Amino acid sequence: MSYQPREEALGQSEPFLDFQDQLSRVATVNRPVLLLGERGTGKELAARRLHFLSDRWEGPFVTLNCATLSPTLIESELFGHERGAYTGAETLRIGRFEAASGGTLFLDEIGTIPMQAQEKILRVVEYYSFERVGSSEPIEVDVRIICATNADLPAMARQGAFKQDLLDRLSFEVLFLPPLRHRGEDIMLLAEHFGSRMRYELGIDEPLRFSAGAVRSLEAHRWEGNVRELKNVVERAVYRAGSGTIDEIDFDPFDSPYFPRQRLPAGDENGPETGPGVGTSDLTAGFKELVATYEQGLINQALEATRYNQKRSAELLGLTYDQFRGLLRKYGI
């Protein structure tokens, strides 16, 4: 198996280089690593780099996004099943742990795994053995586990939603991927990389150029979706500009006067309208109602951003913990 590096792992900023240095140091240590980072920061890319810098680089690199599977299927995917183990199990199936033996298993969104499966993963980490679903025969494997999430696992463990013993074993080393907004020097480096590659794909020979206004817009944006968002924004700008200089940057392709939208708190498809401002169509609701709606939206967004950690949500909004708790009680959140 040959390693094809992904060019998106580019950077020259101090946070990026510090992270790469930490990753390189722990790569050669045969212990679990926990990667924490926002969406779009490149957690799977970091996991691949860990694998290919390790002594296991010639072994398999197997991935599983735990959030894509229902609780009833996760154990079968991880540990496999015997024929007839349950309705529909017509043949023996090898799980991801067996498939990754001799190499690395990357578990993305580890925080979504149900407690019963966590128990079995802990056994693999401790004893390097498990049983397939529907079998009592132990199977031994040699697997290095790398996990990733944007969830607050210590908080989940305190709430009983994640097994503390498993968290202790998985966090031999915890690496934090820096968000793009903390990698200021890298924004234009990545933008030029993605833009040049898009021009090549479109068959445009003219060199890539960003106007001064476009550069300011790119460098001032918060990049909540990080490198993945930057890639989409720049590629769209190159496509729309054609062969000319890129002057305009469209951060929201859904913004249109022909398609008015309700602005909802992140993750709440049925919640109150919210956002940086209030549309003129909402003004009939009255001043107090509009302020209340706006405050609830800010609270919900802060909770979502901190994975419902109330203390961190209060800090994010510049409130004391007591003030934040008072707002929660006021609005029944």
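What follows draws every value from the coordinates through simple rules; no lab data is involved. This is a predicted model, so every value here is computed, not measured. Glycine also receives a Cβ, built like all others from the backbone with ideal geometry; neighbour counts cover every protein chain displayed.
Using Cβ contacts closer than 10 Å as the measure, can you line up Ile204, Ile94 from fewest to most?
On the way: Ile204 17, Ile94 13.
Sorted ascending by nearby Cβ count, the order is Ile94, Ile204.
Neighbouring Cβ atoms within 10 Å as the yardstick, rank Cys66, Cys147 fewest first.
Least to most surrounded, the residues fall as Cys66, Cys147.
Sites listed here are trypsin sites (Lys or Arg not before Pro) in segment 39-111 whose DSSP assignment is loop and whose Cβ has at most 15 other Cβ atoms within 10 Å: Arg39, Arg83.
For the chain, complete DSSP H runs whose alpha carbons reach 15 Å or more along their own long axis and whose mean Kyte-Doolittle score is 0.0 or higher are 287-305.
Order of 302-314, 236-248 by packing, highest average Cβ count within 10 Å first? Please report the intermediate quantities before stating the final value.
Working: 302-314: 17.6, 236-248: 15.2.
Highest to lowest by the protection proxy: 302-314, 236-248.
One Cα centroid belongs to segment 157-203, the other to segment 26-86; the line between them spans 16 Å. For the chain, the number of Lys pairs separated by eight or more positions or lying on different chains, with C-alpha atoms closer than 20 Å, is 4.
The order of Lys288, Lys231, going from fewest to most other C-beta atoms within 10 Å of their C-beta, is Lys288, Lys231.
Just to be sure I understand, if you calculate P(r) over Cα pairs in 20 Å bins from 0, in percent for this structure, which of [x] 25, 50, 25, 1; [y] 31, 57, 12, 0; [z] 34, 60, 7 do you get? Answer label, from the structure shown: [x]. I want the antiparallel fraction of DSSP beta bridges within the chain, as a percent rounded to 5. Close to 15 percent.
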